[in-house]
Structure formats: C-alpha cells, structure tokens
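Notes follow the structure.
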Amino acid sequence: MASDVHGDDGAGARRDGRFDRDGKRVDRQVRAFAVVVVGHGGYRSVRVGVAPPIAKSLIARVVHRWRRRSVTVRAMAAMVRTIEPGEGRVVLLVVAHADDVALFLGGTVAMWADAGWLVVVVRVTDDRWDSVGSDEASTMAANRMDFEDATAILGVHEIVELGYPTDTLGDVSTIELRERIIHSVRTYRPYALVSFDPYAMYGEDNLDHIAVARAVDESFWTSQFDLHHPEHFAETSAHTGQPLAPHGCFERWYFGRRVVDVTDVVDITATLDRKVAAGCCHRTMMLNFFNQLRMQAETGGWRLPPVENALAAGDVADVLPRLLRAGSEGVGARYGVAAAEEFRVVTFGGMQGLLDALGERI
Ligand SMILES: [Zn+2]
C-alpha cells in the first residue's frame, strides 16, 4: 500500500512543473510524506511541525495535490462504461483456473458475448486437485465439465486448454508460460487482452494468479516482436486460417481480488443472473472452498450451518448464489448501479495521447 501512494505522488511530482527547479529533493520529501500518511492512516495525524519551513510548504502543496488526485480517482471510478458492439472482434481472456471466469468477471463476459464479441478463454491449469473427497482423474474431469457448463452460460465462443497441473505455476518459467500466451494472441488476434492485474496483488495468495498475471502482461508487447518465437510463423491459425503473425492488442483489461486504480466499471445488472448460474456450475471447486471455510471456522471455534448443510448435501445452490450476488451488488452500490465489476483498462499501451496527436481513423 505504501508503494501505491508513493508511486502516484512520485509520478505526479515528475509531471508537475512546480517541482522542476529542485526535482530530486522534492521527490525525496514527497516519498517521506507518503510513508507518514500510510503509517498513520490519514493526513490528520501527519506531524509537519518537525519539518523545516520549506518542507512544510512543499508538504502542504503535496497534501493538497494528493487529496485532489484522490477525489479525481474516485470520480473517475464512478464512471460506468458501456460495452460497445463487438462486431465479431475477439476478447482473449487468460485465467489460471476454471472458476476464475465466472467469479472474477462472469457478468462482463456475458455482456461482451451479448454485444457481439467473440470471447476466447485460455485456461492455463487443469484444476486437477481442486476438489474434496475425490481423486485426481475424477476431479480433473469434473472441473473440465463444470468449466464447459459455466462458459456456455456466459456465451464464451471458444476454450483453449494449456493443461498445466493446478497450483504449480509458481514453479513454471514465466518465459515458457509467456510463449504459450503469445501463441494464443497470434492465433486469435484479439482486440482486447484480459487477465489478472499484476499490480493488484494485495490480498492475493494464489501463485497461479500471479504467474498468469505476469506472463500475460509481457505477452502484450512481446507478441508484437517478430524475433520472439518466429517458429510460430510456420503455423496456420485455427481461428483465421492465416499464418500466425505478430499481433498488437489495442486494449488491456485487468481484474483482480482488489483492483487498484479502477478505471472502468461494467454494469452487470442485465447479466448478474447468468454470472450466478455460471458460478454455481463450479460445484466441485465450490464444495472444496466451502470445506476450507468450515475448517477455518472450526479452528476459530465457529460453526457455519448453511455451509455444513451444503457440504452434507453436496450442493452449493442454497448458499453460493447469495454470496455471488452480494459481491457484485456490493461493487454496484459503490457506483450507483444494481451490480457491477471493476477493471483497470489500458488503451493503446497507455499512449492514448500519442494516438490523439498522430492518429487517423481507418
Ligand atoms: Zn483462480
């Protein structure tokens, strides 16, 4: 968290001409200030009295800028975007696990499908160990079936399976994983590349998510290099029927457990029912999740009767819809809509200004 605040203010100071005269020194003071703010949990507790007068003045200015920026970020976050017609364009969504699609962005996936986008999902792992009371082969088959049911409800056009054993991506080379994702980018030539946000990892304890986030982020630009994996160019795309070639995606969409710097919010009121239905398809994984909740609660001296009933019945339908609805409705409440999902979206590699200055519509 400290680094988030520090990063924002550091960038702001560099952009602001008022600090150019003594850039380095100011930058150090800005960093020091940010640490104090985070450490005390708010500006009211910042003790500027210990700083020399010049520093007090600078800190006051930075406080003002930081507060103004915070307001701006919140205002930006309040803007809910519409999904434009896809007209057959491709969204390439890369996830680690079967249930990531429905749980993280199921409502938006259904919105894309409804709007005429072709949503292609790359599942990196096979979820072979995500169950309770089953064996590996049965688990893998059940999770694959649950995944197909869920993605069908959401209107996913195609699934690509990379087949890595689940919960082991922490030990897989990022470069190896990146190559597989570059291959999918070159095969499907997506308009938008969507995955976990490598910078939204606060509270993220799943190395598969982190590994996928990093590999996809590098795939965005390396898929455009003709010297990265030129062996791909001898292959024909199963999607386009053309030889694979370097490809640049126009938009990057990032999601996560806690997205920092939310830029875009999708109103999923129209598709919430399908998100919930898709989430409930993942009975195998959700029962394992419920079993984990039961164990944690028990250690803490608690019982969770609805969860225990679901486990006894082998059915998540009584509890899970409530949880999924509450999550999406809680996000929606922050933006004045019934249900929503949050994203950080970067267009044209973050160089929209360059596009505005030099670009012409084809
Ligand atoms: Zn996951």
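Nothing in this text is a laboratory measurement; each read-out follows from the coordinates by a stated rule. As the structure is a computational prediction, the values presented were derived from the model and not from experiment. Methodologically, a virtual Cβ is constructed for each residue, glycine included, from the backbone with ideal geometry; neighbour enumeration extends over all protein chains shown.
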- Using 7 Å Cα-to-Cβ label points, what is the D226/A137 separation (nm, one decimal)? 4.9 nm
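Tell me, L293, L177 in order of fewest to most beta-carbon neighbours within 10 Å? Walk me through the numbers before you get to the answer.
Details: L293 16, L177 22.
Result, fewest neighbours first: L293, L177.
Loop only by DSSP, 12 or fewer other Cβ within 10 Å of the Cβ. Give me the chymotrypsin sites (Phe, Trp or Tyr not before Pro) in the range 135-205 that pass, ordered by residue number. It would help to have the intermediate numbers written out before the result.
Details: sites: F147, Y188, Y191, F196, Y199, Y202; in loops: Y191, Y199, Y202.
Answer by residue number: Y202.
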- Message: Using a 7 Å offset from the Cα along the Cα-to-Cβ direction at both D315 and A333, what is the distance between the two label points in nm, to one decimal?
- Response: 2.9 nm
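Ranked by Cβ crowding within 10 angstrom, fewest neighbours first, how are W112, W221, W117 ordered?
Numbers: W112 28, W221 13, W117 24.
Fewest to most other Cβ atoms nearby, the residues stand as W221, W117, W112.
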- Pick out, from I182, I153, Y164, the residue whose Cα sits farthest towards the positive end of the charge dipole of the range 148-193, with +1 on the Cβ of Lys and Arg and -1 on the Cβ of Asp and Glu. I182
- Those chymotrypsin sites (Phe, Trp or Tyr not before Pro) from the range 262-362 that are DSSP loop and have at most 11 other Cβ neighbours within 10 Å turn out to be W302
- Message: Quick check on the exposure proxy: order T151, T139 from fewest to most C-beta atoms within 10 angstrom.
- Response: T139, T151
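Would you please name the trypsin sites (Lys or Arg not before Pro) within the range 324-362 that are DSSP coil residues with at most 12 other C-beta atoms within 10 Å of their C-beta? Could you put the intermediate results ahead of the total?
Values: sites: R325, R334, R344, R361; in loops: R361.
Answer in residue order: R361.
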